[in-house]
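The values are calculated or read from the model by the stated rules, or taken from the named source; none is laboratory data. Keep in mind that this is a model prediction, so the values were computed, not measured. Neighbour counts run over all protein chains shown; Cβ positions are idealised from the backbone, glycine included. Heads up: the accessible areas ignore ligands, DNA and RNA and are worked out on the full protein's heavy atoms, side chains in. Shrake-Rupley method; radii C 1.70, N 1.55, O 1.52, S 1.80 Å.
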Amino acid sequence: ALAAAALAPTLAHAGLDNEAPVHPLLGIALTGGGDKLSSAEFSNGYSKDITAGGLVYVYGGVELHQPGSPFSFQGTIGYHFDNTSADNGSQRFSRVPLEAIALYRVAPQFRLGVGARYASDAKFRSSGAGYVGNGDFDSQLGLVVMGEWLITPSAGLQLRYVNEQYKAHGVDSSGQPVEATIDGSHVGIGFNYYF
C-alpha cells in the first residue's frame, strides 16, 4: 500500500502529455513474414516454421517529445526472435535491432512514423534432433513504417511494417558452407508503454 501511494504521483504524470521532453518506453510486438529459415517436425505431427521476420520483439528506449509539438523521435534497442524447442533439440533465429523513428501526430490520438532499423548480432542456431545447421547474418539497414493509436497518453497500440534483408553465412547439416540473401521483411502489431 505504501509503494502504491508513493508511485501514485509518478503514474499520474506518466505518458506523452506531461511536461518532460524525455519519456522512457517499453514495448512488445508480435511479427510475421520473411523467408522460411527452417521447419521443425515433432513426433506428434505438429510442425513449426522459423522465419526471418518472426515472431516476438521486445524492446525499450526513449522518446523525445516537446509538449505542444506534433513531432517526436524514438530510439530503441530490443531482442527479436523466433524459436522452437523440445526435450531433444531446438532451433532459434535471433537478432538485436536498433531503431530510430521520427513520428508525426496527425490527430490527437493517432501518429504516423518512419525510420531506420539495423538488426545486429543476427544468428540462427540449432541443436540436437533439431539440428539443420548454424549461421550468422550480416544485416542491411532497413526501413520501418508505423502507425500508432494512443489509447491513453501512456499506452499506444502499433501497426508496423519493416523492410530488411540479411546476408547469411554458415554451414548446413552436412557441413557445407552456405551463403544466401534472406528477406526479413515483416508486419507486426505491438504495444508501447510510455513513462
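Can you name the number of the only condition in (1) in contact (Cβ under 8 Å) with a residue 24 or more places away in the chain; (2) under 18 Å from G75 (Cβ atoms) that Y161 fails?
With respect to (1) in contact (Cβ under 8 Å) with a residue 24 or more places away in the chain; (2) under 18 Å from G75 (Cβ atoms), Y161 is out only on (2).
May I ask you to list the residues in region 40-52 that are assigned to a loop (DSSP other than H, G, I, E, B) and open to solvent by 40 Å² or more (accessible area, probe 1.4 Å)?
Within region 40-52, F42, S43, N44, G45, Y46 meet the criteria.
From the set of residues in region 13-39 that are of a type outside the set (D, E) and more than 23 Å from the chain's Cα centre (by Cα), which is surrounded by the fewest Cβ atoms within 10 Å (Cβ to Cβ)?
Going through the qualifying residues, I end up with P21.
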